[in-house]
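The values are calculated or read from the model by the stated rules, or taken from the named source; none is laboratory data. These figures come from a predicted structure and were not determined experimentally. Every residue, glycine as well, gets a Cβ built from its backbone with ideal geometry; the counts of neighbours run over all protein chains shown.
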Amino acid sequence: MDVNKMSALILKAQKAFLVEKNKVMGHIAKQVIMFISTRDKKLYDELYRFFHSAKGTAGTIELPAIEKVAADNEALLVNQLNDDQTEEAAFLQLIFNTGEMFRLINRHLEAGVLNEHDSIDPTEIDQPQGMSQGKIMVLDDDVQLLDYLSDVLKNEGFQVYITSNSNDAIDFIKNEAVDLAIIDIVMPEKSGFDMFNDVIKINKELPIVFLTGVGTPHIRNEALRLGATNILRKPVDVDELLAQIKGTLKKVEAKNELYYVDELTGAYTRKRFSQQFELTKTKYLNEGEVFSVAFLDLDYFKTINDTYGHLFGDKMLIEFTSTIRHHLNETGDLYRFGGDEFLVIFRNLKAKAAKELIEEIRTEIQSKPFVTEQNDQVVLSFSAGIAEFGDKSETKTILLEKADKALYIAKEKGKNQTYIKEINASITKDKILVVDEEPMLRKIIETRLGYLGYTIDYASDGQMAIDKMAETRYDLILLDLTLPKVTGIDVLKQIKNRRFNDDQKTIILTGNAHAAIKTEALQLGADDFLTKPFSLDMLEHKIKKMMTT
């Protein structure tokens with residue numbers, strides 16, 4: 001990575017880390033005093049997680065003095081403060097180190113790390129790098145480290161999904177074509193080893209790289225025994241991490257070349273289609289390159305197989321796919337979806353042009369009858385349904401459903417023909433109301449979701465939200481609970497009582513994650529929660545999932 005760009009990423013991460021830790025150091029100091037007085041296990045766990053996390057992140061973003069004092073406190077907690085025979089000197093050292101960490105943070109801030117002239121334009125470091133190099137999921141309980149790794153990976157051309165929540169990570173892996181996962185071993189709710197076992201139940205082929213600040217041989221051996229691709233120590237050496245990721249994905253790609261090609265026909269498999277769809281969609285979003293998808297189904301193929309045998313049927317399949325691939329050349333790829341069903345992705349072709357190409361293929365195939373051993377001539381025909389990708393929020397499933405419906409119509413109309421599903425058929429833009437008093441957050445959400453094709457409206461207080469819902473039918477409400485005039489809870493009550501839209505979904509945005517608040521909101525009809533600060537990737541993922549189920 002370019003040295004100047006890396007320096008900008010590190011500076012950005014340092015700013016976020018120092019500001020966040022400065023906010024909580026007063027609380028941590030109080031917790032240290034409380035722990036010394038009570039020896040409470042929950043306080044011990046909280047302090048251990050804080051210093052363990054701070055050690056790893058500070059080292060990664062080149063704050064070595066803070067890394068050292070956090071590591072010293074972590075070592076004190078592990079080695080001297082976890083039993084009843086603790087020396088008074090150890091307690092005093094814990095207090096001193098905590099104060100020293102506070103002093104170091106303030107020294108960095110006062111030294112001008114946050115000066116205006118050091119400000120970073122996000123557009124300079126978050127530019128997409130063309131086609132995605134792969135999709136990576138990162139799970140860690142340190143938000144500052146997550147943001148830093150996200151910036152580093154995005155600037156290498158990867159699509160990145162970050163989260164500090166184990167359940168959200170599992171949900172993402174279930175619903176997205178993830179190429180590699182990076183998982184912290186020490187997590188508050190579920191360890192990285194437990195996560196590994198959950199992940200392989202979903203995708204046993206997914207490469208997993210562990211991160212850990214605990215470098216004991218036992219931890220490393222356990223990670224490798226489970227089947228991890230590798231385990232990297234915190235602080236993270238980003239050059240080593242990038243080398244590990246790129247090397248792993250190259251090996252996976254080589255393996256996939258064998259795994260994703262149909263042995264009989266040479267066409268790609270349906271699993272390969274899922275990956276290619278995401279890559280092609282990304283190119284559409286980044287560069288505006290249109291594409292279409294076609295379902296092809298051989299007519300009467302079962303009858304041909306039953307009459308002339310499977311060897312003859314296989315011969316027809318091989319010739320059929322060979323003809324298609326010859327015509328596609330560089331304009332598309334062929335995938336065997338199953339049996340006598342095939343899929344084609346037409347790159348940079350609208351539906352009408354894709355249909356013209358399919359008709360050329362049809363003409364050639366029907367001009368060359370197959371001859372059986374009995375000298376019977378068999379003319380192969382096929383039906384096709386085409387759908388053009390034309391909505392930024394459209395998923396693979398939705399597009400395939402459209403192509404499948406078009407294929408069904410072609411079959412119903414007599415087979416041996418091609419039907420196009422109109423691009424605007426059954427497409428309506430979902431309307432989302434963002435209810436939050438913070439104008440900057442509203443603007444960020446509006447920009448991100450508007451880019452994805454949603455129609456966005458906003459309200460700055462609860463009463464405005466109620467008035468808007470009375471006038472407009474919204475598909476989704478993003479609702480902050482802390483609002484002026486009318487609270488978010490009161491807005492939920494109005495939604496429940498007045499039934500503005502029975503199909504309307506609600507996602508709560510809140511900085512208050514208390515169980516009682518969640519319970520009340522769920523009872524009032526809320527569908528999901530996002531705790532501030534949250535990742536825009538997470539918000540996008542939750543919205544897409546909610547809008548398509």
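From the list Ala254, Ala243, pick out the single residue that is within 19 Å of Gly59 (Cβ to Cβ), surrounded by fewer than 18 Cβ atoms within 10 Å (Cβ to Cβ), in the same structural domain as Val186 (by TED's automatic domain parsing) and not acidic (Asp, Glu).
Details: Ala254 fails: within 19 Å of Gly59 (Cβ to Cβ).
The conditions single out Ala243.
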Inset, instruction - Filter segment 233-242 for residues that are at pLDDT 90 or above and more than 17 Å from Lys5 (Cβ to Cβ) and give the result. - result: Glu240
Inset, instruction - Would you mind finding the one in Ala29, Ala75, Ala89, Ala65 that is out of contact with any Leu (no Cβ under 6 Å at 6 or more places or on another chain) and under 23 Å from Arg233 (Cα atoms)? - result: Ala75
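Can you confirm whether Ser393 is under 30 Å from Glu471 (Cβ atoms), polar (S, T, N, Q) and buried (at least 17 other Cβ atoms within 10 Å of the Cβ)?
On the way: under 30 Å from Glu471 (Cβ atoms): yes; polar (S, T, N, Q): yes; buried (at least 17 other Cβ atoms within 10 Å of the Cβ): yes.
The answer is yes for Ser393.
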Inset, instruction - Kindly indicate the residue of segment 18-67 that is of a type in the set (Val, Ile, Thr) and farther than 18 Å from Val143 by Cα and also nearest to the chain's Cα centre (by Cα) among those meeting that condition. - result: Val32
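Tally the residues that are surrounded by fewer than 21 Cβ atoms within 10 Å (Cβ to Cβ) and under 21 Å from Ile245 (Cβ atoms), restricting the search to segment 197-216. Don't jump to the end; show me each part of the working.
Let us first name the residues in segment 197-216 that are surrounded by fewer than 21 Cβ atoms within 10 Å (Cβ to Cβ), namely 197-198, 200-206, 209, 212, 214-216.
The next check asks that each one be under 21 Å from Ile245 (Cβ atoms); those that pass are 200, 202-206, 209, 212, 215.
The number of residues fulfilling the criteria is 9.
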Inset, instruction - Could you please tell me which pairs satisfy a Cβ distance under 8 Å, a separation of 6+ or placement on different chains, a first residue in segment 221-235 that is closer than 24 Å to Ala71 by Cβ, and a second residue that is of a type in the set (Lys, Arg) and part of a helix (DSSP H, G or I)? - result: Ile231/Arg220; Lys234/Lys55; Pro235/Lys55
Inset, instruction - Scan (1) at pLDDT below 90; (2) loosely packed, with under 13 Cβ neighbours inside 10 Å; (3) part of a loop (DSSP other than H, G, I, E, B) for the single condition Lys368 breaks and write down its number. - result: (1)
Inset, instruction - Mind listing whichever residues of segment 510-521 are of a type outside the set (A, V, I, L, M) and assigned to a helix (DSSP H, G or I)? - result: Lys518, Thr519, Glu520
Legend entry - Subset of segment 25-58 that is β-branched (Val, Ile, Thr) and touching a residue at least 12 places away in the same chain (Cβ under 8 Å) - its residue that is farthest from Asn97 (Cα to Cα): Thr57
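Looking at Ile507, Ile477, which is the one that is touching a Ser or Thr at 6+ places or on another chain (Cβ under 6 Å), in the same structural domain as Thr531 (by TED's automatic domain parsing) and outside any helix (DSSP H, G or I)? Break it down into steps so the answer makes sense when it comes.
Numbers: Ile507 fails: touching a Ser or Thr at 6+ places or on another chain (Cβ under 6 Å).
Exactly one of Ile507, Ile477 is touching a Ser or Thr at 6+ places or on another chain (Cβ under 6 Å), in the same structural domain as Thr531 (by TED's automatic domain parsing) and outside any helix (DSSP H, G or I), namely Ile477.
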Legend entry - Any chance Leu357 is free of Cβ contacts under 8 Å to residues at least 40 places away in the same chain, out of contact with any Cys (no Cβ under 8 Å at 6 or more places or on another chain) and either in a helix (DSSP H, G or I) or acidic (Asp, Glu) (or both): yes
Inset, instruction - Taking Thr531 as the residue in question, decide whether it is under 30 Å from Ala169 (Cβ atoms) and hydroxyl-bearing (Ser, Thr, Tyr). - result: yes
Legend entry - Selection count where residues are in contact with a helix residue (DSSP H, G or I) (Cβ under 7 Å, 6 or more places away or on another chain) and over 19 Å from Pro188 (Cα atoms), scope segment 33-46: 2
Legend entry - Search result, residues across segment 286-304 that are part of a helix (DSSP H, G or I) and crowded, with 19+ Cβ neighbours inside 10 Å: Phe301, Ile304
Inset, instruction - Looking for whichever is over 24 Å from Ala406 (Cβ atoms), in the same structural domain as Ala406 (by TED's automatic domain parsing) and surrounded by fewer than 18 Cβ atoms within 10 Å (Cβ to Cβ) here; the options are Gly309, Gly339. Which one fits? - result: Gly309
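Any residue at all in segment 116-129 that's closer than 22 Å to Phe35 by Cα, at pLDDT below 75 and surrounded by fewer than 18 Cβ atoms within 10 Å (Cβ to Cβ)?
Here is the first cut: in segment 116-129, the ones closer than 22 Å to Phe35 by Cα are none.
So far as segment 116-129 goes, no, none of its residues is closer than 22 Å to Phe35 by Cα, at pLDDT below 75 and surrounded by fewer than 18 Cβ atoms within 10 Å (Cβ to Cβ).
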Inset, instruction - Kindly provide the set of residues from segment 175-193 that are part of a helix (DSSP H, G or I) and either exposed (fewer than 14 other Cβ atoms within 10 Å of the Cβ) or touching a residue at least 60 places away in the same chain (Cβ under 8 Å) (or both), ordered by number. - result: Asn175
Inset, instruction - Look at Leu492 and say whether it is over 30 Å from Lys154 (Cα atoms), in contact with a strand residue (DSSP E or B) (Cβ under 9 Å, 6 or more places away or on another chain) and not in a loop (DSSP other than H, G, I, E, B). - result: yes
Inset, instruction - Among the numbered conditions (1) within 13 Å of Leu433 (Cβ to Cβ); (2) of a type in the set (Ser, Thr, Tyr); (3) part of a helix (DSSP H, G or I), tell me where Thr447 comes up short. - result: (1)
